[in-house]
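Participant: Have a look at this one before I ask anything.
The values are calculated or read from the model by the stated rules, or taken from the named source; none is laboratory data. If you're wondering where the values come from, they're calculated on a predicted model, not measured in any experiment. Cβ: placed from backbone, ideal geometry, glycine included. Neighbour counts: every protein chain shown. The accessibility values were calculated without ligands, DNA or RNA, using every heavy atom of the protein model including side chains. Shrake-Rupley method; radii C 1.70, N 1.55, O 1.52, S 1.80 Å.
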Amino acid sequence: MHKKSKKRKIKASVTIKNVGEFDGKEVVRLFKSEKNAVNQPIKSLVRFKKIHLKQNEEQTVEFILTAEDFTHINEKGEKEYLSSDRFEIFIEE
C-alpha cells in the first residue's frame, strides 16, 4: 500500500444463521492469502469472532481490515506493506 493509503480500511462481513435444533456458539474466522506468494503461508488468520446464536437466529459478523493486515515479512526480515489487491480474503465458520 502506498503511504497515503495506510489509513484506508476494508470492511468484510458475512451473515451466519443457526439452522440447527439447539442454541450454539460459533467461531467466525477471517483469513488472508497472498496471491502468487513465495515463502509465505498459504493462508493466515487475520481476525476471529466468537458469537452465540439461538436456534434459527441470524447474525451479521463484520471485520475491519487495516494496512497492517496487508503486510508480509520479506527475505531481509523487514515488514512490507503490499497492495490489498495482492490478497484474497475469505471467511470460514
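Participant: Place a +1 charge on the Cβ of each Lys and Arg in segment 31-93 and a -1 charge on the Cβ of each Asp and Glu, then give the dipole magnitude about the Cα centre in debye, rounded to the nearest 20.
Facilitator: Its charge dipole is roughly 160 debye.
Participant: Could you tell me what percent of the accessible area of the chain is made up of carbon and sulfur, with a 1.4 Å probe and every protein chain present?
Facilitator: Solvent-exposed carbon and sulfur of the chain make up 47 percent of the total.
Participant: Right, here's the next one. Determine the per residue accessible area of the chain with all protein chains present and a 1.4 angstrom probe, expressed in square angstrom.
Facilitator: 74
Participant: A further question on this structure: Given a 1.4 Å probe and heavy atoms of the protein chains only, how would you sort Glu75, Glu57, Glu34, largest accessible area at the top?
Facilitator: Result, largest first: Glu75, Glu57, Glu34.
Participant: By average Cβ neighbour count within 10 Å, what is the ranking of 24-33, 8-17 from highest down? Spell out each step's value before the answer.
Facilitator: Details: 24-33: 15.8, 8-17: 12.1.
Ranked from most to least packed, the peptides come out as 24-33, 8-17.
Participant: While we're here: In the structure displayed, which of Lys11/Lys35; Lys11/Lys50; Lys17/Lys79; Lys50/Lys79 lie more than 26 Å apart, Cα to Cα? Spell out each step's value before the answer.
Facilitator: Numbers: Lys11/Lys35 20 Å; Lys11/Lys50 18 Å; Lys17/Lys79 38 Å; Lys50/Lys79 29 Å.
Going by Cα-Cα distance, Lys17/Lys79; Lys50/Lys79 fall outside the 26 Å limit.
Participant: Another question about this same structure. Can you find, among Ile10, Val61, Phe31, the residue sitting farthest towards the positive end of the charge dipole of the chain, where Lys and Arg contribute +1 and Asp and Glu -1 at Cβ?
Facilitator: Ile10
Participant: I've got another one for you. Identify, among Thr71, Phe90, His52, the residue whose Cα sits farthest towards the positive end of the charge dipole of the chain, taking +1 on the Cβ of Lys and Arg and -1 on the Cβ of Asp and Glu, with the dipole about the Cα centre.
Facilitator: After comparing all options, I get Thr71.
Participant: Check Glu57: other-chain or 5+ apart residues with amide H under 5 Å from its amide H, H built from backbone geometry?
Facilitator: It is Asn18, by chain and number.
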